[in-house]
Amino acid sequence: MKETPDLPPAYRLVVLETVESTNTEAARRAREGAPDGTCIWAKAQTGGRGRRGREWVSPPGNLYFSLVLRPEAGPDKVGELGFVAALALRDALGTLVPPLTEVRFKWPNDILINGSKVAGILLESSATGRETVDWVVLGIGVNVESFPEDTEFPATSLAAAGSTDIGPADVLEAFGRCFLAWVNRWLDDGFGPVRASWLNYALGRGEPIEVRLEGETLTGTFEDIDDRGALVLRMAGEDRRVVTAGDVFPVRDSSAG
Ligand code: BTN
């Protein structure tokens with residue numbers, strides 16, 4: 001188990017014992033001019049944030065980090081980085097979990113191990129209104145040692161999946177390498193190959209799902225993600241809905257024995 005990750009020179013690592021949220025800290029530093037590749041890693045967070053205003057419980061033992069990125073990309077392309085990061089994390093975890101462990105994605109950016117959530121991604125960016133964003137903060141939380149028991153969607157940790165001899169630094173190191181490879185692919189070839197690779201490992205494609213939005217729940221078949229990463233849901237009567245923010249849950253077939 002490593003104490004400090006050995007990251008490629010493209011990153012500038014900042015190690016903090018405890019911070020409110022690495023995303024908040026990274027955004028503050030980005031506004032002050034922190035360069036592309038700045039990586040804020042905290043051993044614990046007191047106010048970790050998840051998607052859609054939720055709390056991300058952040059005790060010591062798990063991985064919490066946020067990258068400052070300054071891509072030459074418009075605000076409409078920023079969301080693609082969540083899929084780029086998910087693919088990198090899948091590759092990284094693949095090197096750390098026992099053989100035959102299933103690592104998959106749940107839209108938009110969750111990483112699942114054997115069907116339970118092991119990691120989440122929170123993307124934030126500078127206010128729009130310009131052609132390219134000034135900065136993007138890519139925040140990632142990975143349940144390495146422990147996981148919350150009281151979540152709507154079941155959670156797990158790397159330790160629970162059998163990887164008991166790895167720590168947060170090992171995961172960050174593996175991610176750092178894989179992320180460079182996927183970001184370069186995205187910069188060179190665009191979202192097409194990222195989208196195709198992500199769909200290969202997506203949970204529930206072609207199956208009935210429930211999508212919980214603010215104040216509305218949709219049920220339909222998970223058909224696709226579009227060329228910006230939005231979820232395409234086929235509803236009854238061949239109607240399609242394109243969803244940009246929500247929580248996906250598989251719908252179990254109640255007629256099955
Ligand atoms: C989600 O699945 O809801 C996204 C969770 C993102 C959590 C990470 S932990 C590091 C970074 N700092 C935060 O406050 N949130 C992200």
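Every read-out reported here was derived from the displayed coordinates using simple, explicitly stated rules and does not represent laboratory data. Just so it is clear, the model here is predicted, and its values are computed rather than measured. Cβ placement follows ideal geometry from the backbone for every residue including glycine, while neighbour counts extend to all protein chains displayed.
Assorted remarks:
- Secondary-structure-derived ellipticity at 222 nm for the chain, considering helices only, amounts to -7000 deg cm²/dmol, per-run term -39500 (n - 2.57) for DSSP H runs with n ≥ 4.
- The distance between label points at Leu100 and Thr164 comes to 1.9 nm (points 7 Å beyond Cα on the Cα→Cβ vector).
- Taking the Kirkwood radius as Rh and the Cα radius of gyration as Rg, the chain has a ratio of Rg/Rh equal to 0.95.
- A dipole drawn for the chain from +1 and -1 charges on Cβ atoms has a positive end, and of Gly47, Val19, Leu63 the residue lying farthest that way is Val19.
- Relative contact order of the chain: 18 percent, from C-alpha pairs under 8 Å at least 6 residues apart in sequence.
- Among Gly215, Gly246, Gly162: highest mean-square fluctuation, GNM of the chain, C-alpha pairs under 10 Å: Gly215
- Mean separation of Cα contacts under 8 Å (6+ apart) over length of the range 55-119, as relative contact order %: 20 percent
- 15 Å beta-carbon shell around Phe153, net charge (K/R +1, D/E -1): +1
- FRET efficiency, Glu55 to Asn114 (Cβ-Cβ, R0 30 Å, nearest 0.05): 0.80
- At R0 = 51 Å, FRET efficiency that the Cβ-Cβ distance of Arg240 and Glu3 yields, to 0.05: 0.55
- Protection-proxy order for peptides 144-154, 21-31, 78-88, each taking the mean of Cβ atoms within 10 Å per residue, highest first: 78-88, 21-31, 144-154
- Of the trypsin sites (Lys or Arg not before Pro) in the range 33-137, the ones in a loop by DSSP (not H, G, I, E or B) with at most 13 other beta carbons within 10 Å are Arg130.
- Kyte-Doolittle mean at least -0.5 and Cα axial length at least 30 Å: DSSP H helices in the chain: 168-189
- Distance between the modelled labels on Thr46 and Asp134, one decimal in nanometres: 2.7 nm (7 Å Cα→Cβ projection).
- Order of Tyr64, Tyr201 under a 10 Å beta carbon neighbour criterion, fewest first: Tyr201, Tyr64
- Spin-label pair Leu13/Glu207, simplified geometry with 7 Å Cα→Cβ offset, distance in nm: 3.7 nm
- Each Lys or Arg adds one and each Asp or Glu takes one away; over the other residues whose Cβ falls under 13 Å from the Cβ of Phe105, this sums to +3.
- Between the range 92-140 and the range 34-82, the Cα center-to-center distance that results, in Å: 9 Å
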